[in-house]
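The values are calculated or read from the model by the stated rules, or taken from the named source; none is laboratory data. The structure presented is a predicted model; accordingly, all values stated were derived computationally and were not measured. Positions of Cβ are backbone-derived with ideal geometry, glycine not excepted, and every protein chain shown enters the neighbour counts.
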Amino acid sequence: MPKIYLNQKGIIIQVLVVILLLVGIVAGFFLLKNPQIFKSKASNPPIVVKNSDGTVNTPDASGIVQITDPTVKLEFTSPLGPARASASPSPSPSPSPTPSPSASPAR
């Protein structure tokens with residue numbers, strides 16, 4: 001009876017690849033069924049729309065601000081926080097002109 005030797009390392013790798021694919025498919029279906037919605041938890045909205053008298057227009061359920069006042073005031077808030085004062089920029093030194101080698105005086 002002939003002996004058949006199977007490459008055990010090759011079989012182990014194939015089984016691991018199949019298991020990895022199955023885990024990936026299951027994880028993909030789970031992530032599709034449970035979508036994540038990221039909403040800002042900041043206390044201030046990034047854009048505030050105010051009427052000319054200073055009252056704030058709040059967005060409706062769909063997040064849209066409807067404006068009836070012809071003049072509005074927009075206030076923008078950075079999600080990174082207020083701007084910090086920085087040192088005034090200093091001008092970079094300008095390079096001094098150097099004569100080119102071909103500009104030598106003719107005699």
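Quick check on I4: is it of a type in the set (V, I, T) and either in contact with a helix residue (DSSP H, G or I) (Cβ under 8 Å, 6 or more places away or on another chain) or modelled with pLDDT under 70 (or both)?
Yes.
It is to be established whether one or more residues within region 71-87 are in a loop (DSSP other than H, G, I, E, B), modelled with pLDDT under 80 and surrounded by 10 or more Cβ atoms within 10 Å (Cβ to Cβ).
Within region 71-87, one or more residues are in a loop (DSSP other than H, G, I, E, B), modelled with pLDDT under 80 and surrounded by 10 or more Cβ atoms within 10 Å (Cβ to Cβ).
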